[in-house]
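The values are calculated or read from the model by the stated rules, or taken from the named source; none is laboratory data. Fair warning: this is a prediction, and the values are worked out from it, not measured in the lab. Neighbour counts run over all protein chains shown; Cβ positions are idealised from the backbone, glycine included.
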């Protein structure tokens, strides 16, 4: 750490730094609060998507209990071909948002597969999309929580380190400069007194 210079220029510098820190702190704190709100929204959204995914699985079990029959092969009916995720700027942070999902539906024989296979394909497609949306939601939460931690660290740095240090430095420099000024005044008075005494001393000596 650089040694603090006890000078008027250093005092001016510390005052400018303190002014800058105090000006930046409110905007940083506002960003922290905004990001915290967005993180809470993202967690609520993730919980909702998780519930929807669970409800969807429950619907499949209720609507299509026959899926449990092992004699029919259903694997590979739906496969993901392409997932497109866009990035949106939220409070200066780029967050993922599912934009498009493309799936391939395998050709299946209506002679081998039962009539309700179409409904099963529809439900599988919905389940795949739900899982992908859940994955994107998890990533969104992770990014937001990381951003909140980073901004909180900066807020704490300003509040607990930079501003108190600048205030302490200003006080230290002011005390030093005040002492120097008082010493200069005292020396000036002493010198003036000596100049006034000197002629009288000479006159006394010449009598």
Among the residues of the range 173-185, are any closer than 30 Å to residue 8 by Cα, touching a helix residue (DSSP H, G or I) at 6+ places or on another chain (Cβ under 6 Å) and either surrounded by 12 or more Cβ atoms within 10 Å (Cβ to Cβ) or modelled with pLDDT of 75 or more (or both)? yes
Failed condition for residue 61, given (1) at pLDDT below 95; (2) assigned to a helix (DSSP H, G or I); (3) closer than 30 Å to residue 146 by Cα, with all others met? (3)
Checking residue 121 against (1) in contact with a strand residue (DSSP E or B) (Cβ under 7 Å, 6 or more places away or on another chain); (2) farther than 30 Å from residue 31 by Cβ; (3) outside any helix (DSSP H, G or I): exactly one of these is not met. Which one? (3)
Would you point out which residue out of 134, 162, 177 is over 17 Å from the mean Cα position of the chain (by Cα), within 30 Å of residue 27 (Cβ to Cβ) and in contact (Cβ under 8 Å) with a residue 60 or more places away in the chain? 162
Give the residue, chosen from 50, 39, that is closer than 30 Å to residue 117 by Cβ, surrounded by 13 or more Cβ atoms within 10 Å (Cβ to Cβ) and at pLDDT 90 or above. 50
Out of all the residues in the range 106-116, is one or more surrounded by 14 or more Cβ atoms within 10 Å (Cβ to Cβ) and either within 30 Å of residue 43 (Cα to Cα) or modelled with pLDDT of 85 or more (or both)? no
Do we find a residue being more than 27 Å from residue 51 (Cβ to Cβ) and out of contact with any strand residue (DSSP E or B) (no Cβ under 6 Å at 6 or more places or on another chain) anywhere in the range 96-107? yes
If residue 153 passes every condition in (1) within 22 Å of residue 33 (Cβ to Cβ); (2) part of a helix (DSSP H, G or I); (3) in contact (Cβ under 8 Å) with a residue 24 or more places away in the chain but one, which one does it miss? (3)
